[in-house]
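Only one structure is covered here, and it is reproduced in the block below.
The values are calculated or read from the model by the stated rules, or taken from the named source; none is laboratory data. From a predicted model like this one, the values you see are computed outputs, not experimental measurements. Glycine also receives a Cβ, built like all others from the backbone with ideal geometry; neighbour counts cover every protein chain displayed.
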């Protein structure tokens, strides 16, 4: 039988290493992996791709991403990449001037390091948009910047109490200053006009094109549901699956409402059944345990420090009661759900592992494949527990580098001992933990090659600063495995994530062989071709 598609003339990354130079695809499956003998499968209708020395590898999979919000932000007031207050405010002004018909100014992606203390003021927005409400989440989407009109519409004033799961930043007089943290975002976010079904579908397809261009063939959407004013992407996925425009393979992580308890589990069971169609399925539950370190809401075992280096009374926030969490996770595990934890601080990581351990003790071994995302600070005692419990470490490598948000808003408030425990990729791998990888886009770039560069070098792409905790670096093959086989494992896509006979032909051709150029050159690598099930979904240029 002749192959439909044949790759030849370059290195092929198989589970054993760069051990092949040719791959044949028939239908949506890989049917041969080898060398010159594979070329004998070429027939008159076979499409032959000359690798010309470029690397062929499995398609990347993002284990934690938010494509629909990312796609919507790209079509709104996108503040990504602005590094100063002046640039950011100018971008808001330009967008507002260009869209006088918009009732609200929406978008986001601003950088905390552009503003003193990471908390911009309402006055900066009032100066450029005085007459319409503005609601702009920052790049990590754990805080939002609003103007006076938005605060007025929401009824937020000096006497408004902080919600249990958030904080209203205030000036010296006690007045709301213009930044809302965590659950306080919803005080304004719930008033914003939701995107319509057509807008959400367009955002999904826009994001899908972008992800395919980066070599991503599958992903786990880390938030399917309603949260802090974000648009639920569920119907967009169902629509795309029904019309055949969903070319990626997608797992949806159903949002656990942190203001409720076990009574929501029957609803999650019903949603799992209703939201599985075509290449989209929703067999995961997302449990957000804490916040982020930059605004001091990540849950820590010991208190944050103040600017003088003294301990405060703040250990961050636990959004789900740690005493109830093991029971919730045990019940979800028994029902066959995968649990996807947002666990950033060392206390949240421990709470998640304790819950997984409780589920294992009650239910016995299972194939639910729980995973913990972000893992900014992990206590050394908890590192070996990942392998022991079969919990995957879902890493976001692009964050593991020196940059202003790390150096100015995080390290001083953690102190040197905890700061040295950040993003322990190497320690986790050496302990036997399985690594998956993702981006958390639109929090940061979804480009896997940029993330791989940081995982291997522990410096930002293009950066020449000091290496961030060099003992936690990964090798290139290890980082690639996290973005391919590792993420395929947490996505339960066992017939993908590897170049092997019988596997799905979800494949990527890079524009070079990054193994040949040294680790410093990884960030300069780009994707040339992306295939899903043997069908080309992206061609560079």
Practice item. Within region 337-352, work out how many residues are assigned to a helix (DSSP H, G or I) and in contact with a strand residue (DSSP E or B) (Cβ under 6 Å, 6 or more places away or on another chain). Key: 3
Exercise for review: Would you tally the residues in region 42-64 being out of contact with any helix residue (DSSP H, G or I) (no Cβ under 8 Å at 6 or more places or on another chain) and closer than 30 Å to residue 442 by Cα?
Suggested key: 3
Review point. For region 91-99, does any single residue satisfy the condition of being outside the structural domain of residue 441 (by TED's automatic domain parsing), touching a strand residue (DSSP E or B) at 6+ places or on another chain (Cβ under 9 Å), outside any helix (DSSP H, G or I) and surrounded by fewer than 22 Cβ atoms within 10 Å (Cβ to Cβ)?
Key: yes
Point to revise | Odd one out for residue 64, checked against (1) surrounded by fewer than 22 Cβ atoms within 10 Å (Cβ to Cβ); (2) under 30 Å from residue 180 (Cα atoms); (3) at pLDDT 95 or above | key: (1)
Exercise for review: Would you check which residues across region 25-61 are assigned to a strand (DSSP E or B) and either closer than 16 Å to residue 495 by Cα or at pLDDT below 95 (or both) and list them?
Suggested key: 25, 26, 29, 30, 31, 32, 33, 57, 58, 60, 61
Review point. Given the residues 443, 454, 490, which is the only one that is within 22 Å of residue 222 (Cβ to Cβ), crowded, with 21+ Cβ neighbours inside 10 Å and at pLDDT below 95?
Key: 443
Point to revise | Filter result for residue 258 (in a loop (DSSP other than H, G, I, E, B) and touching a strand residue (DSSP E or B) at 6+ places or on another chain (Cβ under 9 Å)) | key: yes
Check your understanding: Among the residues of region 39-47, is any surrounded by 18 or more Cβ atoms within 10 Å (Cβ to Cβ) and out of contact with any strand residue (DSSP E or B) (no Cβ under 6 Å at 6 or more places or on another chain)?
Key -> no
Study note, to complete from the structure: Checked 262, 311, 248, 282 against criteria (assigned by TED's automatic domain parsing to the domain that holds residue 373, surrounded by fewer than 17 Cβ atoms within 10 Å (Cβ to Cβ) and touching a helix residue (DSSP H, G or I) at 6+ places or on another chain (Cβ under 7 Å)); the one match is 262
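In region 12-25, what residues are in contact (Cβ under 8 Å) with a residue 60 or more places away in the chain and closer than 22 Å to residue 43 by Cα?
12, 20, 23, 25
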Practice item. Filter the helices (runs of 4 or more DSSP H) completely within region 115-219 down to those with at least 3 residues that are surrounded by 15 or more Cβ atoms within 10 Å (Cβ to Cβ) and under 25 Å from the mean Cα position of the chain (by Cα). Key: 186-189, 197-213
Practice item. Spot the failing condition for residue 3; the list is (1) under 20 Å from residue 495 (Cβ atoms); (2) under 34 Å from the mean Cα position of the chain (by Cα), and only one is missed. Key: (2)
Exercise for review: Filter region 468-485 for residues that are touching a residue at least 60 places away in the same chain (Cβ under 8 Å) and more than 23 Å from residue 527 (Cα to Cα) and give the result.
Suggested key: 468, 469, 472
Exercise for review: For region 67-90, name all the residues that are outside any helix (DSSP H, G or I) and either crowded, with 17+ Cβ neighbours inside 10 Å or modelled with pLDDT of 95 or more (or both).
Suggested key: 76, 77, 78, 79, 80, 82
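Rundown of residues vs (1) farther than 22 Å from residue 450 by Cα; (2) in contact (Cβ under 8 Å) with a residue 24 or more places away in the chain; (3) assigned by TED's automatic domain parsing to the domain that holds residue 208, yes/no style:
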| position | (1), (2), (3) |
| --- | --- |
| 505 | yes, yes, no |
| 512 | no, yes, no |
| 518 | no, no, no |
| 521 | no, no, no |
| 526 | no, yes, no |
| 529 | no, yes, no |
Point to revise | Subset tally (residues that are surrounded by 18 or more Cβ atoms within 10 Å (Cβ to Cβ) and over 17 Å from residue 302 (Cβ atoms)) for region 342-388 | key: 18
Study note, to complete from the structure: The condition of being under 24 Å from residue 4 (Cα atoms) and over 24 Å from the mean Cα position of the chain (by Cα) holds, among 517, 511, only for 511
Point to revise | Single unsatisfied condition, residue 502 versus (1) farther than 19 Å from residue 220 by Cα; (2) buried (at least 22 other Cβ atoms within 10 Å of the Cβ) | key: (2)
Practice item. May I ask you to list the residues in region 221-245 that are over 14 Å from residue 275 (Cα atoms), touching a strand residue (DSSP E or B) at 6+ places or on another chain (Cβ under 9 Å) and either crowded, with 18+ Cβ neighbours inside 10 Å or in contact (Cβ under 8 Å) with a residue 60 or more places away in the chain (or both)? Key: 222, 227, 228, 229, 230
Practice item. Check whether at least one residue in region 287-294 is surrounded by fewer than 22 Cβ atoms within 10 Å (Cβ to Cβ) and either outside the structural domain of residue 205 (by TED's automatic domain parsing) or assigned to a strand (DSSP E or B) (or both), and report yes or no. Key: no
